[in-house]
Amino acid sequence: MCIDREFLTDKDRILFIDDFLADGHASGSIIHLCRPSGAQIVGMGFLVEKGFAKRRQFRRDHGITYHALATIKQINDDNTMVVE
């Protein structure tokens, strides 16, 4: 992801929406893009979250509220999933 700094200011409020939250690379990129400009990330939303991923804490550590419509709790050896 990239955005020219002239388009983000400290007056901007960002709501980031993505389809799938796995390892947090896209959401982490948005955080790192917005913070230097002073733009505030007011929340993040995802259709599906891989709930057992290590990066969940990353958004919490940055004080960002996020929600997912469905959370995959585990993937079994037979490729079935436990979804919350």
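The values are calculated or read from the model by the stated rules, or taken from the named source; none is laboratory data. These figures come from a predicted structure and were not determined experimentally. Here Cβ is always computed from backbone atoms with ideal geometry, including for glycine, and neighbour counts include all displayed protein chains. Surface accessibility is based on the protein's heavy atoms, side chains included, excluding ligands, DNA and RNA. Shrake-Rupley method; radii C 1.70, N 1.55, O 1.52, S 1.80 Å.
Taking the criterion of being under 23 Å from V83 (Cα atoms), open to solvent by less than 50 Å² (accessible area, probe 1.4 Å), in contact with a helix residue (DSSP H, G or I) (Cβ under 7 Å, 6 or more places away or on another chain) and assigned to a strand (DSSP E or B), would at least one residue in region 33-47 satisfy it? Give the steps one after another, and end with the answer.
As a first pass, look at region 33-47 and keep what is under 23 Å from V83 (Cα atoms): 43-47.
With open to solvent by less than 50 Å² (accessible area, probe 1.4 Å) added as a condition, the list becomes 43-46.
Now narrow it down to the ones that are in contact with a helix residue (DSSP H, G or I) (Cβ under 7 Å, 6 or more places away or on another chain): 44.
From what is left, the residues that are assigned to a strand (DSSP E or B) are 44.
Yes, that holds for at least one residue.
Just give me the residues in region 4-32 being in a loop (DSSP other than H, G, I, E, B), farther than 30 Å from I72 by Cα and touching a helix residue (DSSP H, G or I) at 6+ places or on another chain (Cβ under 8 Å), in sequence order.
Once the filter is applied, which keeps residues that are in a loop (DSSP other than H, G, I, E, B), farther than 30 Å from I72 by Cα and touching a helix residue (DSSP H, G or I) at 6+ places or on another chain (Cβ under 8 Å), region 4-32 yields L8, T9, D10, D12.
Mind listing whichever residues of region 48-84 are in a strand (DSSP E or B), at pLDDT below 90 and among the hydroxyl-bearing types (S, T, Y)?
Within region 48-84, just Y66 meets the criteria.
Hey, M1 hits all of (1) outside any strand (DSSP E or B); (2) at pLDDT 85 or above but one; which does it fall short on?
(2)
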